[in-house]
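Reading through the structure tokens given below for one structure.
The values are calculated or read from the model by the stated rules, or taken from the named source; none is laboratory data. Only a predicted model underlies this, so the values are computations on that prediction, with no experimental measurement involved. Here the Cβ is made from the backbone with ideal geometry for all residues, glycine too, and neighbour counts use every protein chain on show. Just so you know, the surface numbers come from the protein's heavy atoms only, side chains and all, with ligands and any DNA or RNA stripped out. Shrake-Rupley method; radii C 1.70, N 1.55, O 1.52, S 1.80 Å.
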Amino acid sequence: HAVKVMDRSGKASYGGIIAAFNEIITISTEKNYRSVVNASLGGPKSNFLNAGVETLHQNSIITVVAAGNKHQDACNLSPASAEKAITVGATYQTCTTTGDFSDNIAKFSNHGQCVDIYA
């Protein structure tokens, strides 16, 4: 079941995101779904939005979020800074002269202690 929060221009308010989180909790509970939230969005750090991620966690909903792509500390952004989120930074792949592939952290990827994994 998909729940979309962005408008046609790719924008969403934190209130709209929280409303979507609440809808996901309701659907997951009513239908007894095992749920995962994939949130490729972000903005300035917000205790309000991070608390929404905590509420998802308390309802056994895994939340995976983007670290962001502005080469800055992800701990200054939400929901990337949410303690219960799995925060994912960006990588790119290169091919060596021997034909081996190497994963590297993308120069534009956000970084810091809040990033849990790079993919």
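Couple of notes before you dig in:
- Qualifying residue in segment 111-119 (condition: exposed (fewer than 15 other Cβ atoms within 10 Å of the Cβ) and aromatic (Phe, Trp, Tyr)): no
- Residues considered: ALA80, ALA74. Of these, the only one that is in contact with a helix residue (DSSP H, G or I) (Cβ under 7 Å, 6 or more places away or on another chain), in contact (Cβ under 8 Å) with a residue 24 or more places away in the chain and surrounded by 14 or more Cβ atoms within 10 Å (Cβ to Cβ) is ALA80.
- From GLU83, GLU54, residue being in contact with a Lys or Arg (Cβ under 6 Å, 6 or more places away or on another chain) and at pLDDT 95 or above: GLU54
- Within segment 50-70, tally of residues that are in contact with a strand residue (DSSP E or B) (Cβ under 8 Å, 6 or more places away or on another chain), within 20 Å of THR91 (Cβ to Cβ) and open to solvent by 30 Å² or more (accessible area, probe 1.4 Å): 2
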